[in-house]
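Heads up, the thing below is written out as C-alpha cells.
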Amino acid sequence: MEERARVLDVFDPHPPRSSRMPAADVLRGVVDGDNGPWPLRRRASAQPVVRVSDRFLTGQLDLRAMELPYLLEFVNCRFEQPPDLRQSSIAGVEFDHCWLPGLSGRNLRSTNDVALIDSTVTGLLDLNDADVGGSLLLGRTTLRATGRLALHADRLVVAGALLAHRVDVEGELRTAGARIGGNCNFSGSTLRNPAGFVVNGNGMQVGGNLVFATLGADHPFTATGTLFLPNARISSALTLRGAVLTAGEPTASDDDDPHADPRATVVLDRVEVSGDVELDRGFRSDGTVRLVNAGVGGTLSLAGAVLRAAGEGTDGDPTGFGRAVHLDGAEINGDITARGVTVRGQLRMVDVLVRGSLVLNRAELANPRADALLANRCRVGSNLTARDAEVEGGLELRGVVIGANLDLRGSRITAPGRNRYSHDEKPSVDIGGATVGRDLVCASGHKEFVAHGGVRTRRAVVGRMANFSGAVLGHRLDSHALNALGMQVQELVLTTVSPPRGDVTLRHARCTTLDDNEAFWNATGRIDLDDFRYDSFANAVDLRDDDEIERRLRWLRQAMRRSYQPGPYDQLAVMLRAGGNDEHASTVLMEKQRLRHVAVAEGTRRPLAPLVLLWSFLQRSMVGYGYRPARALGWLVVSWVLGSVWFSVRPDLVVINSDDTLPWNPWLFTIDLLVPIVDFGNKNRWQTPGASQWVAVLMIVTGWTLATTVAAGLTRMLKRT
C-alpha cells in the first residue's frame, strides 16, 4: 500500500519535471527497439510489449490509423491530452492506474484486450465501432463526464467479455448495438446520470451473462438514472441481484400515452433473455421496472425485492402511485417468482404469458384506491398463488387463463380501487371471464382471507372447486360482497366465517355440489339467486330431517329479503326430488305457493287482499296447495263425520219419492254428497230444507274440491313411479 501511494504522486496537478515525458517518445521507443528508452519484452509465444510507467505524458499520444503489432502498457501514467487510437490496429492496450482526460478509440482494432484498470477518465471514452479481439476490461475505473457521454461504444464488437467490476461513473455509458461475445459484468459499480440514461444498451447483444449485481455487502451495485436496454439479446442470464436503482429526472414522454413510464429505473422492452432475469435478493428500485413485450427463456425472479413507483399518487391517477413494474405482453418460459416481494405502486402485467407459475406468496402490495395487481388476459400455465399476501388496493385479473390453481389463501386485500370514470368502488378481487383449470381458493389459511371490496367471479369458469371457506367478504352495506353471475364450477364452497357485508349475486351460476352455512345466507345485503343451479348439497339432507328443510327455507327467505322469487324454491325442490326426497320437495313447493299468495295479496287492493290470504290459508291447510293429497283424504273423512252428525241431529228431511223404500242413513247420505260423479242413491231420495240445504251444498263443493285434489296427487305419484 505504501508503494502504491508513492507512485500515485504522479497524479499531482503539478508533477515534477523528472516525471514528464513527451507522448511522442512512445513511438520512438517502438521504432528504436532495444536501443530506445522503453525496452521491448519479447517471448516466443507473446506479442512484444511496450511498457511505460510512472510518467506524465505531455502532448498527445497520436497513433491514429497506425498498425502496431505491439501491446501498449501504461502503468501509473498521466496524460495531458486524450490518446488518439482512432482507426489504429494494435495488439492490445492497457492503462493501469492511469489518469486520462479522455480516449479516442473510434474504429480501433485490437487483437487482444483493451484494459483500463484502476484508472480515471475525465472526458469521453470513445470506442465507437471498435473491434476488440480479446476482452474490454474497465475494473475499478472512474469515468467522469457529468451530464454527458462517459463511454460511447455504439456497435462495439468484443470477442471476449466486457468486465467493469466496481466502476464509478458520472455520465452515460452508451453501448447501443454492441456485440459482446462473453459476459458483460458491472458488478459492484456505481453509476450516476440523473438527467438521462446511466447505461444505453439499445439493441446490444451479449453472448453470456449481463450482470449488474452487488459484490458483497461492501460493494453494492447502485444506479441513479435509467438502465436503458430495449431490444437487447442476452444468451444467458440477466442479473441485478442486490442492485439499488433510483430513477432520475422524468424523461420526456407523450402525455397522451397511458403506458409511458417517465420515471423508469430499468427499461427492458422487447429484450430477449435466453436464461433467467434475476431482480431479487435485496434488489431495490425506486422507479418503474419495465419489461414490456420482453421474452425470458427461464425464470423472472423478484423474490425479496423492494419495488417502489416514483410517483406520489393522485385521486385522478388510475395507477395510484404509478407503475412499479410494467410487464405488458412479456413471455416468460419459466416461472415468475416473487415470494416476499414488496411493491409500492402498481404491478402491471396485462397480456403476459407465463408458461410456469406466478408466485406472490407473502407479498406486500401497496397501491391503495387503485389496482395493486393489474393482470388482465394474463395466461399462466400452472398456478397463480398469492398466499398470505398483504394487499392495499385491488387484484384485477379479468380474462386470465390459469392452467391449475388460483390460490389466494390467507391473503388480506383492503383499500379497494375505484372505477376511473364512475368512481364506484371496485372489487378487491376481479376475475371476471377467467378460466381456472382446477381450483379457485379465496379461503382462510394461517389467517382469514379478507376482501374488503368483495370478490367478482362474473362469467368465470372453474374446473373443480371455488372455495370461500373461512372468508370475510365485503365491508360496506351498499356494495357487492360476492358477484358470481354466470360462474360455472363443479364444487362451490360458501362456508364464510361471517355474513358477507353487502349484496351477493349467484344469478345464472352453475355448480354440481353446493357447500354452504348459515353465515353466508345471513348476508347483510340481498342474495340474487335467479336461475342459480346446483345438483346436490355437500351434506345430503336426510329423509327424516325436517329441521334441515325448515332451516334452509328460513335461509332462502332471509337471503331474498322476504321478496317472492319462485326460481330458488323450484331449484331446491328439483334437487331434493332428484335425490329421492319427494316429501321435502313438496314442503319447499308449498312454501313457494304460500309466498306467491302473499305477494299477490300485497299487489291487490286493500278490500280483496284478506280474501287472497284466506284462500291461501284454506289451500295450505286443507290440501297443501295440492302437494299434500293425503290431507284432502283426511278432510273428506272429517267432512263425512261432521255432515253425518249434522244430518243425524237434523232429520227434518222431505222425501222426494214416497214410493221409494230406501231407509234413512245419515252416513250414506253424507258420503253420497261428498263423493262426486258416483251416485249411491241417497242424495236424490231426500231434500234438505233450511240450514241443511246449505250444509248439503257445502258438502258437494267440498267433495268436488277434495276429490279432484286427491286425484291430482295420485296422478303425480303414479307418474313419478
Exercise. Given the structure, is SER301 at pLDDT 95 or above, over 19 Å from LEU238 (Cα atoms) and in contact with a Ser or Thr (Cβ under 9 Å, 6 or more places away or on another chain)?
Worked result: no
Exercise. Cβ-Cβ below 7 Å, separation at least six or inter-chain, first residue in the stretch 187-207 and within 15 Å of GLU249 (Cα to Cα) and assigned to a loop (DSSP other than H, G, I, E, B), second among the polar types (S, T, N, Q) and open to solvent by 20 Å² or more (accessible area, probe 1.4 Å): which pairs?
Worked result: none
For this session: For the stretch 364-394, enumerate the residues that are open to solvent by 40 Å² or more (accessible area, probe 1.4 Å) and under 21 Å from ARG308 (Cβ atoms).
Result: GLU364, PRO368, ARG369, GLU390, GLU392
Seminar exercise, completed: With criteria (1) open to solvent by 40 Å² or more (accessible area, probe 1.4 Å); (2) out of contact with any Lys or Arg (no Cβ under 7 Å at 6 or more places or on another chain); (3) assigned to a strand (DSSP E or B), LEU149 comes up short on (2)
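Only one of ALA310, ALA303 is over 26 Å from GLY432 (Cβ atoms), touching a residue at least 60 places away in the same chain (Cβ under 8 Å) and open to solvent by 20 Å² or more (accessible area, probe 1.4 Å). Can you tell me which?
Values: ALA303 fails: touching a residue at least 60 places away in the same chain (Cβ under 8 Å).
The conditions single out ALA310.
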Problem set entry | Any pair with Cβ under 8 angstrom, 6 or more apart, that starts in the stretch 126-154 at a residue that is touching a residue at least 60 places away in the same chain (Cβ under 8 Å) and ends at one that is open to solvent by 10 Å² or more (accessible area, probe 1.4 Å) and hydroxyl-bearing (Ser, Thr, Tyr) | none
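Just for the stretch 209-246: of the residues that are part of a loop (DSSP other than H, G, I, E, B) and more than 21 Å from ILE332 (Cβ to Cβ), which one is farthest from the chain's Cα centre (by Cα)?
Checked the stretch 209-246; the qualifying residue farthest from the chain's Cα centre (by Cα) is ASP218.
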Exercise. Out of (1) acidic (Asp, Glu); (2) surrounded by fewer than 18 Cβ atoms within 10 Å (Cβ to Cβ); (3) modelled with pLDDT of 80 or more, what's the single condition that is false for GLU591?
Worked result: (2)
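Would the stretch 525-545 turn up any residue that is in a helix (DSSP H, G or I) and open to solvent by 50 Å² or more (accessible area, probe 1.4 Å)?
No; the residues of the stretch 525-545 include none that is in a helix (DSSP H, G or I) and open to solvent by 50 Å² or more (accessible area, probe 1.4 Å).
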Exercise. Taking the stretch 570-583 on its own, how many of its residues are more than 20 Å from THR512 (Cβ to Cβ) and open to solvent by less than 70 Å² (accessible area, probe 1.4 Å)?
Worked result: 1
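Kindly check whether there is at least one residue in the stretch 263-277 that is charged (D, E, K, R), open to solvent by 20 Å² or more (accessible area, probe 1.4 Å), assigned to a loop (DSSP other than H, G, I, E, B) and on the phi > 0 side of the Ramachandran plot. Lay out the reasoning, then the answer.
First, the residues of the stretch 263-277 that are charged (D, E, K, R): 263, 269-270, 272, 276.
In the following step, the residues that additionally are open to solvent by 20 Å² or more (accessible area, probe 1.4 Å) were identified as 263, 270, 272, 276.
From the residues that got through so far, the ones that are assigned to a loop (DSSP other than H, G, I, E, B) too are 263, 270, 276.
Subset that is on the phi > 0 side of the Ramachandran plot: 270.
Among the residues of the stretch 263-277, at least one is charged (D, E, K, R), open to solvent by 20 Å² or more (accessible area, probe 1.4 Å), assigned to a loop (DSSP other than H, G, I, E, B) and on the phi > 0 side of the Ramachandran plot, which makes the answer yes.
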Exercise. Can you name every residue in the stretch 379-401 that is of a type in the set (Asp, Glu) and at positive phi?
Worked result: ASP388
Exercise. If you scan the stretch 119-136, which residues turn out to be closer than 25 Å to ASP54 by Cβ, surrounded by 19 or more Cβ atoms within 10 Å (Cβ to Cβ) and of a type outside the set (A, V, I, L, M)?
Worked result: SER119, GLY123
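Considering only the stretch 50-99, state which residues are on the phi > 0 side of the Ramachandran plot and either in contact with a Phe, Trp or Tyr (Cβ under 6 Å, 6 or more places away or on another chain) or open to solvent by less than 40 Å² (accessible area, probe 1.4 Å) (or both).
Step one: filter the stretch 50-99 for residues on the phi > 0 side of the Ramachandran plot, giving 54, 59, 65, 76, 87, 92, 97.
Matches in the stretch 50-99: GLY59, ASN76, GLY92, HIS97.
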For this session: Output the number of residues of the stretch 600-648 satisfying the condition of being open to solvent by less than 80 Å² (accessible area, probe 1.4 Å), over 21 Å from THR670 (Cβ atoms) and hydrophobic (A, V, I, L, M, F, W, C).
Result: 4
For this session: Please give the number of the condition PRO258 fails out of (1) surrounded by 24 or more Cβ atoms within 10 Å (Cβ to Cβ); (2) over 18 Å from SER357 (Cα atoms).
Result: (1)
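Take the conditions open to solvent by less than 30 Å² (accessible area, probe 1.4 Å), at pLDDT below 95, farther than 20 Å from THR337 by Cα and of a type outside the set (Ser, Thr, Tyr) and apply them to GLY320. Does it pass?
On the way: open to solvent by less than 30 Å² (accessible area, probe 1.4 Å): yes; at pLDDT below 95: yes; farther than 20 Å from THR337 by Cα: yes; of a type outside the set (Ser, Thr, Tyr): yes.
When the stated conditions are applied, GLY320 passes them.
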Exercise. Looking at the stretch 549-563, is at least one residue open to solvent by less than 40 Å² (accessible area, probe 1.4 Å), under 29 Å from THR457 (Cβ atoms), among the charged types (D, E, K, R) and not in a helix (DSSP H, G or I)?
Worked result: no
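Condition check: free of Cβ contacts under 8 Å to residues at least 40 places away in the same chain and under 19 Å from SER104 (Cα atoms). Does GLY171 satisfy that? Let's see the steps before the verdict.
Working: free of Cβ contacts under 8 Å to residues at least 40 places away in the same chain: yes; under 19 Å from SER104 (Cα atoms): yes.
Yes; evaluated as a whole, the condition is true for this residue.
Could you tell me whether any residue of the stretch 476-486 is hydroxyl-bearing (Ser, Thr, Tyr), assigned to a loop (DSSP other than H, G, I, E, B) and closer than 30 Å to ALA404 by Cβ? Quick ask: steps written out before the conclusion?
Step one: of the stretch 476-486, the residues hydroxyl-bearing (Ser, Thr, Tyr) are 479.
If we keep only those that are assigned to a loop (DSSP other than H, G, I, E, B) as well, we get 479.
Within this subset, residues satisfying the condition of being closer than 30 Å to ALA404 by Cβ are none.
The answer is no; no qualifying residue exists.
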For this session: Return the pairs, sorted by first residue and then second, in which the second residue is of a type in the set (Phe, Trp, Tyr) and surrounded by fewer than 16 Cβ atoms within 10 Å (Cβ to Cβ), the first residue lies in the stretch 505-529 and is without any contact (Cβ under 8 Å) to a residue 24 or more places away in the chain, the beta carbons are less than 8 Å apart, and the residues are 6+ apart or on different chains.
Result: none
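The values are calculated or read from the model by the stated rules, or taken from the named source; none is laboratory data. Quick caveat, the model's predicted, so the values are computed rather than measured. Every residue, glycine among them, receives a Cβ derived from its backbone with ideal geometry; neighbour counts consider all protein chains shown. Areas reflect the complete protein model, heavy atoms only, side chains present, ligands, DNA and RNA absent. Shrake-Rupley method; radii C 1.70, N 1.55, O 1.52, S 1.80 Å.
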